[in-house]
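Following: one structure in structure tokens, then a few remarks.
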Amino acid sequence: MNTIIIIDELNGPADWEVVLEKRAVWIRSQEIRLLISNNANQWGIRIQDLQEAYHRGAQCIEHVLTASLYCKSNDNPVKVFLKKLHWRLDLVMEFVRAGFGPSNHEDLVYQTTAHDSWSTFSPFHLNRLPRLKREPSRWTKREAIRAIANGQYSWLRCDGRYTDDYYEDDQQNYRRGDISNWMEMVEKILTGDGWRVYEDEEKRIHICCHHFDYNSMKLDIDAVRE
């Protein structure tokens, strides 16, 4: 299943409802990651601004809009807010990028969180990740991400992924096999904790997360993704 869902734009309430069904979507027109939650029929939206992704020393701001605990209305205040803006994502982004004030919409709570730009995944700015010029003397997450993002490998494989469902793991052969969704792999390594990267005596690069997600690749410094 592809977990990197990219769409060009949101064009009305039906599109926002579709986003609600997904884990998250990346929207090209505004260069954002959007996540909509629904708790007791009250929407919450998380908008991660990706414009500064992969810029050294920069930050990516995440904007969060939720219903106030003291909301006096029976309506869904986030939906009311979106309806006032005609469900237009560009107008929503104008509000949050300008510094949304809760005094303007008393039924809403607005919060922001700053994330390191190099730990924020953006499918729109992968060209900012430079190619490896030579084989690293020491492998880290960053070198692995750069190699995968630029297609600098002859193969990339899952050597085993393990969950608490041992029967299902066995039925799926522990997800072993070639990794075709390289972008999902970049997102997992970039945003997750517990990853370690090392090279063995046969020049295989191992990319593992704790003791449940094992992957490897063969570096090809001159390879270019078609």
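Here are the numbers:
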| read-out | value |
| --- | --- |
| Scope the stretch 23-49; condition closer than 13 Å to Val96 by Cβ and not charged (D, E, K, R); matching residues | Gln30, Ile32, Leu34, Ile45, Ile47, Gln48 |
| Selected residue (criterion: nearest to the chain's Cα centre (by Cα)) from residues of the stretch 158-167 that are part of a strand (DSSP E or B) and either acidic (Asp, Glu) or surrounded by fewer than 17 Cβ atoms within 10 Å (Cβ to Cβ) (or both) | Arg161 |
| Residue check, Ser154 in contact with a Cys (Cβ under 7 Å, 6 or more places away or on another chain) and in contact (Cβ under 8 Å) with a residue 40 or more places away in the chain | no |
| Residue tally, condition farther than 10 Å from Leu156 by Cα and either modelled with pLDDT of 95 or more or out of contact with any Gly (no Cβ under 7 Å at 6 or more places or on another chain) (or both), over the stretch 210-223 | 8 |
| Some residue of the stretch 168-183 being without any contact (Cβ under 8 Å) to a residue 40 or more places away in the chain, in a loop (DSSP other than H, G, I, E, B) and under 22 Å from Glu226 (Cα atoms) | yes |
| Pick from the stretch 36-54, criterion surrounded by fewer than 18 Cβ atoms within 10 Å (Cβ to Cβ) and modelled with pLDDT under 95, ranking: farthest from Glu94 (Cα to Cα) | Ala40 |
| Residue that is over 18 Å from Trp26 (Cβ atoms), of a type in the set (A, V, I, L, M) and out of contact with any helix residue (DSSP H, G or I) (no Cβ under 8 Å at 6 or more places or on another chain), where the choices are Ala67, Ala144, Ala98 | Ala98 |
| Candidates Trp87, Trp16 - the one that is modelled with pLDDT of 90 or more, surrounded by fewer than 18 Cβ atoms within 10 Å (Cβ to Cβ) and of a type in the set (Phe, Trp, Tyr) | Trp87 |
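The values are calculated or read from the model by the stated rules, or taken from the named source; none is laboratory data. All figures in this text were calculated on a predicted structure; none of them were measured in a lab. A quick note on method: Cβ atoms are made from the backbone with ideal geometry, for glycine too, and the neighbour counts reach across all protein chains shown.
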